[in-house]
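Presented below is the structure to which this report refers.
The values are calculated or read from the model by the stated rules, or taken from the named source; none is laboratory data. Since the model is a prediction, treat every value here as computed from it, not as a measurement. Here the Cβ positions follow ideal geometry from the backbone for every residue, glycine too, while neighbour counts run over all protein chains shown. Just the protein is used for accessible areas: all its heavy atoms, side chains included, with ligands, DNA and RNA removed. Shrake-Rupley method; radii C 1.70, N 1.55, O 1.52, S 1.80 Å.
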Amino acid sequence: MQHVETHPRRVRGEAVHMTASEKRASEISHDSAMGRNEPQIQVRIKSPANMDCSYELISEDARHKAIEEAFLTPESSHFISTPEVIEMESRLALWLEAGYPVHLIGPTGCGKTSLAVHVAKELGRPVVWINGDEAISTSDLIGGYSQMQNESVRDNYIHNVFKTKDTMKIEWVDNPLSLACKYGYTLIYNEFSRTKPASNNILLSVFEEGILELPTKFGEDRYIKVHPDFKAILTSNSIEYAGIHRPQDALLDRMVGIYADYYGYETEVRIVVEHTGITLDKAEKIVNVVRSIRDKSSDAQKPGTRACIMIAKGMAALKDHQNIDFKQLCIDVIASKTSSPADMEEKKKLVLDLVG
Ligand SMILES: Nc1ncnc2c1ncn2[C@@H]1O[C@H](COP(=O)(O)OP(=O)(O)OP(=O)(O)O)[C@@H](O)[C@H]1O
Ligand SMILES: [Mg+2]
């Protein structure tokens, strides 16, 4: 039965409240006055950085941008492709195309994240990002109900009528996994073995049955059919550090693993030149020292490509610090990964032998 308002309340000739149809008509005319005639979507973006929530009326394109910014994916600037990098890129792209999530495993600083970001961006879909850690819970992956908003209106416009209205609003806020599953984005789950295995259980049905189950929702809203464009790249460290959890076998069984090792000499030299702009001979000198230290260090202490870039950046800054030399730069960069003063002494000796 249609509700028809027959007696709008009137005081001194003016309607106190608009009827529903009047309200709708006024909203439409307000929107067109604001130039909002294209399709608009209201989204609520929760930024993991500051946990701030804000409502915005934005277009589809802007929504993709806002989501990407909220789950900030690192830039893959200065990326270079040598034959061995291209081979890794192709393997990663092939398995993603075949419909499997790919797990990139390798030592610290060998280039896993850069490769994941580069290939994800090449796919041309928006990329969302999760950085695994001990505190990550399932709702950090899928989202949840945001805090309730309590809205009270106290209407005492007419002196002898006092009207109150309390509205409770709860809003579902998506997080990277649910966004990627719903809209077919590429998910990069960096360092996923740092997250407690129980929080990652939600991925099992996503990878196997193509269904994301939102445990706190009911009815048909509880299940999201994974979009055909959804892709997932996961990275983790091959070295057993403290704070690393062994992912459950059932999850590992549902993804393809690609083992990444440090790139070869030529590639590392090119990466250093690309990132810092130093001359080829200086880049070669740095890469030689770092690779020799790497060969002689135990797994967790091996310096990666990042160490080469750090030394090169230090060299570029040397001109303002004439009292510091190349040997000292190398020692300072590798010092962060030494286990004891005795170990430090050994590494110092190694650098002095190598550099002379
Ligand atoms: N193909 C590449 N082109 C340019 N730079 C690269 C390339 N691969 C790696 N790098 C650089 O090498 C450094 C280490 O790479 P990255 O951070 O991807 O390693 P990672 O394996 O993810 O390290 P971690 O285990 O510490 O997270 C970064 O500074 C990155 O920019
Ligand atoms: Mg990384």
Please give the net charge around LEU280, taking every other residue with its beta carbon less than 12 angstrom from that of LEU280, where Lys and Arg add +1 and Asp and Glu add -1.
-1
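If we sort 155-167, 206-218, 266-278 on the protection proxy, mean other Cβ atoms within 10 Å, highest first, what's the order?
Working: 155-167: 9.8, 206-218: 15.2, 266-278: 19.4.
Peptide ranking by packing, descending: 266-278, 206-218, 155-167.
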Whole-Hz ³J(HN,Hα) from phi, Karplus 6.51 cos²θ - 1.76 cosθ + 1.60, for segment 274-279, glycine and proline x
4, 6, 10, x, 6, 5
Amide H contacts of SER146 (H built 1.01 Å from N, under 5 Å, at least 5 apart or other chain):
GLU171, TRP172, VAL173
If we restrict to alpha carbons, what Rg and Dmax does segment 265-355 come to, in Å?
12.5, 35
In nm, to one decimal, how far is the modelled label at SER152 from the one at ARG222, with both set 7 Å along Cα→Cβ?
3.6
Kirkwood Rh (inverse of mean 1/r, distinct Cα pairs), segment 132-289, angstrom:
19.8
Tell me which lysines have Cα within less than 20 Å of LYS217's Cα, excluding those fewer than 8 residues away on the same chain?
LYS46, LYS169, LYS182, LYS225
Which of the peptides 119-132, 310-323 is most tightly packed, and how do the rest follow, going by the mean number of other Cβ atoms within 10 Å of each residue?
119-132, 310-323
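Which order do TYR262, TYR100, TYR189 take when ranked by solvent-accessible area (1.4 Å probe, heavy atoms of all protein chains), largest first?
On the way: TYR262 35, TYR100 110, TYR189 0 Å².
So, going from the largest accessible area down, we get TYR100, TYR262, TYR189.
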Relative contact order (percent, whole number), segment 74-259, Cα cutoff 8 Å, 6+ residue spacing
31
Step through the residues of segment 335-350 one at a time and calculate ³J(HN,Hα) from phi using the Karplus curve (6.51 cos²θ - 1.76 cosθ + 1.60, θ = phi - 60°), rounding each to whole Hz and writing x for Gly and Pro.
4, 5, 10, 8, 8, 7, x, 5, 5, 4, 4, 4, 5, 4, 4, 4
